[in-house]
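One structure is given below, encoded as structure tokens.
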Amino acid sequence: MTPTVPKAKSTLEAKPASTLSTILLVDDADDSRVATKWFLTNFGYVVETARNAQEALALFDPKTHDVVVTDNSMPGMTGAEMAHIIKMRSPSTRVLMYTGMAPDDARCLDLVIQKPTHLLALKDGIEKLLVDGH
């Protein structure tokens, strides 16, 4: 009889369905958006994506999205301008900017994480906002 070896617990294991948080991820760069979505999904988040601020505002639902993660520099409307509209619609929604170009005015943002940085800093920032917001 072959002994059974217990599986090591992965740090990338998904959370139970009852505790899943939904993130609206906004980034006009396809490679960055796809990679960031993959990363956050592997940490147990439900991630919806938008390619620009206008698309994100059409998708945004404060009853669904626990956190909005956005880039700043996008065509048409910056992430900071979009965050201002989101905060007008839903002041309690947490908005995290993950960007290489920090905004001039960050008053409507709950947290700014400057790129380049490790994606774990993004995960930690989201977790902090979720704990502070609930």
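The values are calculated or read from the model by the stated rules, or taken from the named source; none is laboratory data. Predicted, not measured: the structure shown is a model, and the values here were computed from it. For neighbour counting, all protein chains shown are included, and Cβ atoms are generated from backbone atoms with ideal geometry for every residue, glycine included.
Some notes on this structure:
- Test: residue in the stretch 77-88 that is over 20 Å from VAL112 (Cβ atoms) and at pLDDT 95 or above: no
- Taking the stretch 32-134 as the region of interest, the helices (runs of 4 or more DSSP H) fully inside it that hold 1 or more residues being basic (Lys, Arg) are 79-89, 119-133.
- Residue selected from the stretch 92-134 under the condition more than 13 Å from the chain's Cα centre (by Cα) and under 16 Å from PRO62 (Cα atoms), by the criterion surrounded by the most Cβ atoms within 10 Å (Cβ to Cβ): CYS108
- Near pairs, Cβ below 8 angstrom, 6+ apart or cross-chain, from the stretch 62-80 (buried (at least 21 other Cβ atoms within 10 Å of the Cβ)) to any residue that is outside any loop (DSSP other than H, G, I, E, B) and among the aromatic types (Phe, Trp, Tyr): VAL69/TYR98; THR70/TYR98; ASP71/TYR98
- Matching residues, the stretch 80-105, being of a type in the set (A, V, I, L, M) and touching a helix residue (DSSP H, G or I) at 6+ places or on another chain (Cβ under 7 Å): MET82, ILE85, VAL95, LEU96, MET97
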